[in-house]
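Trainee: Structure below; questions to follow.
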Amino acid sequence: KPIIELIGLGKTFENNNNKVTALKGIDLKIYEGEIFGIIGLSGAGKSTLVRCINYLEKPTEGTVVFNGIDLSKVSKHELLKIRQSMGMIFQQFNLLMQRTVLQNVCFPLEIAGVSKKEAKKRAIELLEIVGLSDKANSYPAKLSGGQKQRVAIARALATKPKVLLCDEATSALDPTTTRSILKLLNEINQKLGITIIVITHEMSVIEEICHRVAIIDHSNIAEIGDVDEVFMKP
Ligand code: ADP
Ligand code: ADP
């Protein structure tokens with residue numbers, strides 16, 4: 001069953017009489033439990049697409065349905081709750097540098113109103129899942145890129161999301177570290193059953209972990225299908 005359905009999705013940015021169409025007529029279903037890749041050149045519209053999925057950007061056309069709910073129909077308060085079921089990670093990790101690893105992971109839980117004690121307990125579990133238990137009291141500045149992304153993954157999983165949105169999550173990492181992060185994402189998909197959306201400009205990332213892929217080109221879906229079909233044509 002689809003966890004995310006985009007129907008005729010479009011986004012045009014308008015500033016100073018200048019119009020930029022980032023997305024146009026996007027129809028897409030992403031199913032529960034899959035690892036779905038979105039690939040395209042810089043400027044193709046990938047980031048805008050994920051930001052529309054979690055409604056950080058409001059689409060100018062069409063509909064986003066998440067878990068059966070039309071996001072244009074929900075109140076601000078409901079939207080904030082729904083966003084807790086969509087974790088997100090980024091190229092530059094976006095960690096809070098003044099806080100320890102443990103405090104970074106606790107942060108979304110505290111915002112969600114979870115008690116400090118409960119938050120800490122859950123954060124410790126999450127750091128175990130991402131293999132960083134021994135860094136709980138370190139500050140992000142002391143960590144390698146791969147370790148920072150593990151913290152970001154733990155933080156994104158804190159509120160038990162149904163979907164994890166990864167926006168160029170391995171683009172700042174070397175090939176070996178990239179592989180280890182992709183392996184972790186695969187485990188998270190398998191063991192926790194979380195649907196994963198991977199945005200990237202690198203074909204190797206798609207080939208390594210995605211089940212299906214959409215190629216975005218000039219605001220449109222140019223091609224969509226199983227990774228084998230799309231990339232390994234005879
Ligand atoms: P990608 O992630 O594939 O690199 P983006 O979604 O970031 O592409 O951008 C798609 C297009 O939309 C680009 O032309 C970009 O300049 C434009 N764009 C993105 N965000 C904004 C914004 N906030 N204001 C104006 N234009 C934007
Ligand atoms: P920015 O616009 O600077 O990229 P935002 O204001 O969107 O960041 O988000 C603030 C912080 O919350 C960031 O550090 C980001 O990592 C985190 N964040 C935003 N959205 C989500 C999400 N859906 N899941 C997990 N963390 C998120």
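Trainee: Select from 47, 17, 28 the residue farthest towards the positive end of the dipole of the range 1-85; place +1 on Cβ of Lys and Arg, -1 on Cβ of Asp and Glu, and compute about the Cα centre.
Mentor: Ranked along the dipole, the leading option is 17.
Trainee: Taking 0.36 nm per residue of sequence separation and subtracting the Cα-Cα distance, how much length would be gained by fully extending the chain between residue 29 and residue 58, in nm to one decimal?
Mentor: 8.6 nm
Trainee: Extending each Cα 7 Å along its Cβ direction at residue 85 and residue 186, get the distance between those two points in nm, one decimal.
Mentor: Taking the two extended label points, one gets 2.8 nm.
Trainee: For the chain, what is the accessible area per residue in Å² when the probe is 1.4 Å? Mind showing how you got there, number by number?
Mentor: Numbers: 11850 Å² over 234 residues.
It amounts to 51 Å² per residue over the chain.
Trainee: Of 1/120; 116/191; 29/191; 135/191, which sit over 25 Å apart, Cα to Cα? Mind showing how you got there, number by number?
Mentor: Numbers: 1/120 34 Å; 116/191 27 Å; 29/191 23 Å; 135/191 23 Å.
Where the Cα-Cα span goes over 25 Å, the pairs concerned are 1/120; 116/191.
Trainee: Which FRET efficiency, nearest 0.05, do residue 203 and residue 128 yield, Cβ-Cβ r, R0 30 Å? Write out the running numbers ahead of the final one.
Mentor: Numbers: r = 33 Å, r/R0 = 1.09.
For R0 = 30 Å, the calculated efficiency reads 0.40.
Trainee: Using 0.36 nm times the number of residues separating residue 226 and residue 73, minus their current alpha carbon distance, what extension gain do you get? Before the final figure, lay out the partial values.
Mentor: Numbers: separation 153, 0.36 × 153 = 55.08 nm, distance 3.20 nm.
Length difference between fully extended and current span is 51.9 nm.
Trainee: Moving on to the next point. Step through the table entries 46/162; 76/142; 19/148, compare each Cα-Cα distance with 32 Å, and write down the pairs that go over it. Provide the component values of the computation, followed by the final result.
Mentor: Working: 46/162 20 Å; 76/142 37 Å; 19/148 36 Å.
Cα-Cα > 32 Å for 76/142; 19/148; rest within.
Trainee: Still on this structure: Run the accessible area of the chain with a 1.4 Å probe and give the carbon-and-sulfur part as a rounded percent. The partial results should precede the final answer.
Mentor: Working: 5810 of 11850 Å².
C and S fraction of accessible area: 49 percent.
The values are calculated or read from the model by the stated rules, or taken from the named source; none is laboratory data. Predicted, not measured: the structure shown is a model, and the values here were computed from it. Cβ coordinates were reconstructed from backbone atoms using ideal geometry, including for glycine residues, and neighbour counts include every protein chain displayed. Note: areas computed on protein heavy atoms with side chains; ligands, DNA, RNA excluded. Shrake-Rupley method; radii C 1.70, N 1.55, O 1.52, S 1.80 Å.
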